Amino acid sequence: MLGNEFIEDLFTLFRIKESEDALKYIKLYKAQRIEVIGIDRVLQLFNEIENITENKFTIYYKNTEGKEVAEVAVSNDYYQHRRFVDDEGIYRKIEDIDNQIKYEMSEEVTDYYIVWLYKKMFEKYPIRLRTEMTQRMHALLSNRSNMRYIRYESDEGKEITLLNIMRKAVNCTSLKVTKQQGSKINLDEAIDSFSYTYMCNMDSPIKMYSLEEIIGIPNRRQKARNNDFEAPKRKYNSNLIDYYNLAVSSEDPFISFISYYHIIEYYFDEVYREQQINTLRNSITSPRFSYKDDKQLFNIIDKIIKDNKLVRENGSGNEQQSLNYVLNKYIYDCDEFKQRLTHEELIFYQNNNVSFSTGDVIIWDKDKDKILKAISNRIYKTRNALIHSKSSKKDVTYHPYLHKTELEKEISLIKTVAEYIIENDSVHLG
């Protein structure tokens, strides 16, 4: 992205118009005109941040005193952060004299960070694309900026800087870590140390894991709602409903995914034992079975021995095999299953595996067994990446910053599976 393109995108986002003399830019609010100034300053900052080092949502630069600074967006929960301010309502600064480093969390985000944040937003959600997420994000920021101008309704010709418009629209809070000259502290390690210390003492989250969180875009993973539903006619398992409620209510895809998985695994042991009993029963009741046939008997014994190798001491079976059994028991019709997913979701699951778990793609035109096997593999591998955090398996481990957006795309699939289990395990009311 070039600097002029960046300015044009800002003008489009905030509906800034050019006046007849081409020297002033006007922000329109109803019939009022508010002169927007400081455009060259934003362009200058944009050019300067091209040389700034970045890592995740942290940028690194030198302040006016030549000291190294790392700045990262943090949670801006007012009710939590107000406990971290002094009597005058100003965020406290913490200084480590021994290690010559200073920590400062405040809403006074630097100009560098504001411009960098918008640059990242335009790169991820190009303003010329008319996707649902792009439209939501741009509408939200534009509406927030408009609220800024209500106070100017009776003041014709009031000036406002472009940076001020940008700052008020995102309402960001950041942590700035500054090294004194001569300090050997690693800035990334200092950020992690402060984050943990803050969370331990404040009992409140601080880290942000997505651009959407920083800007304040509401999480809307849900599909279109159906407000015109009838009174329920079936009775559902209350334990499963509790897990479902937690999954639906959580804004964290990690919690949602695991809660939906709890619904799936609820019947693992029962279905596994049921499957083994049915396998044995079918064998010995077959019209071709003869208890005098040693070979047939040995085959049954051999199968039982092999199956028992997968059974734990408490009688529960191999988890992935149990998952396969559950899917085959509760999902009767794959065509009906596919109808609950959007066309975009079907295409996504067929063309993309899960990068952080190597979860399988799902080829929807295969037969039922292969479809359910692929669904099982995709869900189980993703579950393992979420649950296990082993240093020896970093390539198949979930990292919130890197993978949160990708995990959100997996919610619809596991949610649909969980709903099938809840509904097909239900009974009529009365």
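Of the residues making up the stretch 107-137, those that are surrounded by 16 or more Cβ atoms within 10 Å (Cβ to Cβ) and touching a Ser or Thr at 6+ places or on another chain (Cβ under 8 Å) are Val109, Thr110, Tyr113, Tyr125, Ile127.
Each residue in the stretch 273-299 was checked for being surrounded by 15 or more Cβ atoms within 10 Å (Cβ to Cβ) and either in contact with a Phe, Trp or Tyr (Cβ under 6 Å, 6 or more places away or on another chain) or at pLDDT 75 or above (or both), and 3 of them qualify. Answer yes or no: is there a residue in the stretch 57-68 that is surrounded by 12 or more Cβ atoms within 10 Å (Cβ to Cβ), at pLDDT below 80 and either among the small types (Gly, Ala, Ser) or assigned to a loop (DSSP other than H, G, I, E, B) (or both). No, every residue in the stretch 57-68 fails to be surrounded by 12 or more Cβ atoms within 10 Å (Cβ to Cβ), at pLDDT below 80 and either among the small types (Gly, Ala, Ser) or assigned to a loop (DSSP other than H, G, I, E, B) (or both).
Return a yes/no flag: does the stretch 404-422 have any residue that is at pLDDT below 85, in a loop (DSSP other than H, G, I, E, B) and open to solvent by 50 Å² or more (accessible area, probe 1.4 Å). No, the conditions are met nowhere in the stretch 404-422. Can you confirm whether Ile375 is out of contact with any Asp or Glu (no Cβ under 7 Å at 6 or more places or on another chain) and surrounded by fewer than 20 Cβ atoms within 10 Å (Cβ to Cβ)? The answer is no for Ile375.
For beta carbons closer than 9 Å, sequence separation of 6+ or different chains, a first residue in the stretch 51-65 that is without any contact (Cβ under 8 Å) to a residue 24 or more places away in the chain and a second that is of a type in the set (Val, Ile, Thr) and exposed (fewer than 15 other Cβ atoms within 10 Å of the Cβ), there are no qualifying pairs.
Within the stretch 165-193, the residues that satisfy the criterion of being over 23 Å from the mean Cα position of the chain (by Cα), more than 15 Å from Ile59 (Cβ to Cβ), assigned to a helix (DSSP H, G or I) and touching a residue at least 40 places away in the same chain (Cβ under 8 Å) are Ile165, Met166, Arg167. For the stretch 18-48, which residues satisfy the criterion of being farther than 13 Å from Asn164 by Cβ and modelled with pLDDT of 80 or more? Of everything in the stretch 18-48, those that are farther than 13 Å from Asn164 by Cβ and modelled with pLDDT of 80 or more turn out to be Asp40, Leu43, Gln44, Leu45, Phe46, Asn47, Glu48.
Going by the conditions given, is Lys370 in contact with a Leu (Cβ under 9 Å, 6 or more places away or on another chain), surrounded by fewer than 19 Cβ atoms within 10 Å (Cβ to Cβ), of a type in the set (D, E, K, R) and not in a loop (DSSP other than H, G, I, E, B)? Taking the combined requirement at face value, the residue does not satisfy it.
Scanning the stretch 333-352 for residues that are out of contact with any helix residue (DSSP H, G or I) (no Cβ under 7 Å at 6 or more places or on another chain) and surrounded by fewer than 17 Cβ atoms within 10 Å (Cβ to Cβ) returns Asp333, Asp335, Glu336, Gln339, Thr342, His343, Glu344, Ile347, Gln350, Asn351, Asn352. Looking only at residues in the stretch 250-265 that are open to solvent by 10 Å² or more (accessible area, probe 1.4 Å) and either in contact with an Asp or Glu (Cβ under 8 Å, 6 or more places away or on another chain) or aromatic (Phe, Trp, Tyr) (or both), the one that is nearest to Leu386 (Cα to Cα) is Phe254. Taking the condition in a helix (DSSP H, G or I), modelled with pLDDT of 80 or more, open to solvent by less than 70 Å² (accessible area, probe 1.4 Å) and not hydroxyl-bearing (Ser, Thr, Tyr), does Gln320 pass? Considered against the rule, which asks whether it is in a helix (DSSP H, G or I), modelled with pLDDT of 80 or more, open to solvent by less than 70 Å² (accessible area, probe 1.4 Å) and not hydroxyl-bearing (Ser, Thr, Tyr), Gln320 comes out as yes.
Of the residues Tyr325, Tyr330, which single one is touching a residue at least 24 places away in the same chain (Cβ under 8 Å), closer than 23 Å to Ser426 by Cα and open to solvent by 20 Å² or more (accessible area, probe 1.4 Å)?
Being touching a residue at least 24 places away in the same chain (Cβ under 8 Å), closer than 23 Å to Ser426 by Cα and open to solvent by 20 Å² or more (accessible area, probe 1.4 Å) holds for just one of Tyr325, Tyr330, which is Tyr325.
Of the residues examined, Val326 is not one that is part of a helix (DSSP H, G or I), hydrophobic (A, V, I, L, M, F, W, C) and closer than 21 Å to Asp252 by Cβ.
Residue-level check: of (1) at pLDDT 85 or above; (2) closer than 22 Å to Lys120 by Cβ, Met208 misses just (1).
The values are calculated or read from the model by the stated rules, or taken from the named source; none is laboratory data. As the structure is a prediction and not an experimental result, all values here were calculated from the model. Using ideal geometry, Cβ is built from the backbone for each residue, glycine included, and neighbour counts are taken over all protein chains shown. Side chains included, ligands, DNA and RNA excluded: accessible areas come from the protein's heavy atoms. Shrake-Rupley method; radii C 1.70, N 1.55, O 1.52, S 1.80 Å.
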